[in-house]
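Worksheet: one structure, shown below.
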């Protein structure tokens, strides 16, 4: 298989899908691996490190896509990438098509087959290719939220952990999966009072074990409204696999928050879980609604590309090997769930829960 790793083109995105060691392993398996020039630079991996392991360096994106049968990248293809994709390409990356109807239409028109990292699902419901970036995003959410509470950043001027003679900050987290759990753990370790809203009892139990400053609650509307009104930092990490995130915080709830409070929407890739959320980039990461700072960057882990690249590569490499080996890889139930577009057709496999046609209102 000829495997291509292009340079990421999303704003201030520094990740690379395959680190040199992983690309070298694929070469040892007999595959022909191509890397777009400088694709790994922002993650700390020079072209020479790849070349030393037998990886071919393509001078630009056009050459990379021309040489490749399988495209392995991190983020969804955008304008420049889409110009190079062909019907015979197998695309393997994050897609988040539930929030991207225009991209869905374009991929259908191109006629390729696309497998999304975020919908590769194991029989027990785990999402192995989403998990590492969810953990990174969860931690970044707390780090960024803590900074945005600083008065020079427009925040209310509150230190989340507090200290003797002062109140602890209040953090509300929606969802206790990989992202929400990582957010809750970091906020709790920093000394904040943390409330986690979750529907699964086992996850609520897990959150309670983080410490005496963590409370896990079922998301009843009135309870959510009460906790939002008192919160300094709210983190949304609600996930419905392959579908748009539900809106768990309304504008009316937002109006009850103190000015200078902060919302971080980790679910923004799936459309966002706050009514007032809209996608932002690392170039212009925040905006203010109802006096509350919103952080809704669609590629949060891209801010720490070296760590993120190492983590995502370790997760995807076994699946890259399976896809590159050919044969009936779609018979693998986990990969079958990852198929979003199949040869230019909307995936209608029994395991798929979306409609047979994309919703493009």
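The values are calculated or read from the model by the stated rules, or taken from the named source; none is laboratory data. In this text, all values refer to a predicted model and were calculated from it rather than measured experimentally. We place every Cβ from the backbone using ideal geometry, glycine too, and count neighbours over all the protein chains shown.
Yes/no per residue for (1) within 23 Å of residue 172 (Cα to Cα); (2) not in a helix (DSSP H, G or I):
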position: 252; (1), (2): yes, no
position: 257; (1), (2): yes, yes
position: 267; (1), (2): yes, no
position: 272; (1), (2): yes, yes
position: 283; (1), (2): no, yes
position: 287; (1), (2): yes, yes
position: 307; (1), (2): no, no
position: 313; (1), (2): no, no
position: 317; (1), (2): no, no
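Condition test on residue 144, is it modelled with pLDDT of 95 or more, not assigned by TED's automatic domain parsing to the domain that holds residue 230 and not in a loop (DSSP other than H, G, I, E, B)?
no
Between 136, 249, 142, 196, which is touching a strand residue (DSSP E or B) at 6+ places or on another chain (Cβ under 6 Å), in contact (Cβ under 8 Å) with a residue 60 or more places away in the chain and within 28 Å of residue 98 (Cα to Cα)?
249
Here is a list: 238, 196. Which entry is assigned to a strand (DSSP E or B), within 30 Å of residue 129 (Cβ to Cβ) and touching a helix residue (DSSP H, G or I) at 6+ places or on another chain (Cβ under 6 Å)?
196
Go through 4, 30 for me and flag whichever is touching a strand residue (DSSP E or B) at 6+ places or on another chain (Cβ under 7 Å) and under 18 Å from residue 319 (Cβ atoms).
Just one listed residue meets the conditions, 4.
Any chance you could count how many residues in the stretch 273-309 are surrounded by fewer than 17 Cβ atoms within 10 Å (Cβ to Cβ), over 21 Å from residue 44 (Cβ atoms) and either touching a residue at least 12 places away in the same chain (Cβ under 8 Å) or in contact with a strand residue (DSSP E or B) (Cβ under 9 Å, 6 or more places away or on another chain) (or both)?
Total satisfying the criteria: 10.
Out of all the residues in the stretch 108-129, is one or more over 30 Å from residue 321 (Cα atoms) and in a helix (DSSP H, G or I)?
No, the conditions are met nowhere in the stretch 108-129.
For the stretch 329-344, what are the residues that are over 25 Å from residue 19 (Cα atoms), in contact with a helix residue (DSSP H, G or I) (Cβ under 9 Å, 6 or more places away or on another chain) and part of a helix (DSSP H, G or I)?
330, 336, 337
In the stretch 212-235, which residues are surrounded by 14 or more Cβ atoms within 10 Å (Cβ to Cβ), outside any helix (DSSP H, G or I) and within 27 Å of the chain's Cα centre (by Cα)?
Selection gives 214, 215, 216, 217, 219, 231, 232, 233, 234, 235.
Mind checking whether some residue in the stretch 345-357 is modelled with pLDDT under 95 and assigned to a helix (DSSP H, G or I)?
The answer is no, given that none of the residues of the stretch 345-357 is modelled with pLDDT under 95 and assigned to a helix (DSSP H, G or I).
So, in the stretch 64-85, how many residues would count as being assigned to a strand (DSSP E or B) and surrounded by fewer than 16 Cβ atoms within 10 Å (Cβ to Cβ)?
Total satisfying the criteria: 0.
Given (1) under 28 Å from residue 20 (Cα atoms); (2) assigned by TED's automatic domain parsing to the domain that holds residue 225; (3) at pLDDT below 95, identify the lone condition not met by residue 243.
(1)
If residue 326 satisfies all but one of (1) part of a helix (DSSP H, G or I); (2) over 20 Å from residue 183 (Cα atoms), what's the number of the condition it fails?
(1)
Report yes if some residue within the stretch 54-63 is within 29 Å of residue 267 (Cα to Cα), in a loop (DSSP other than H, G, I, E, B) and in the same structural domain as residue 342 (by TED's automatic domain parsing); otherwise report no.
No - not one qualifying residue is present in the stretch 54-63.
Any residue in the stretch 40-52 that is under 23 Å from residue 112 (Cα atoms) and outside any helix (DSSP H, G or I)?
Checked the stretch 40-52: no residue is under 23 Å from residue 112 (Cα atoms) and outside any helix (DSSP H, G or I).
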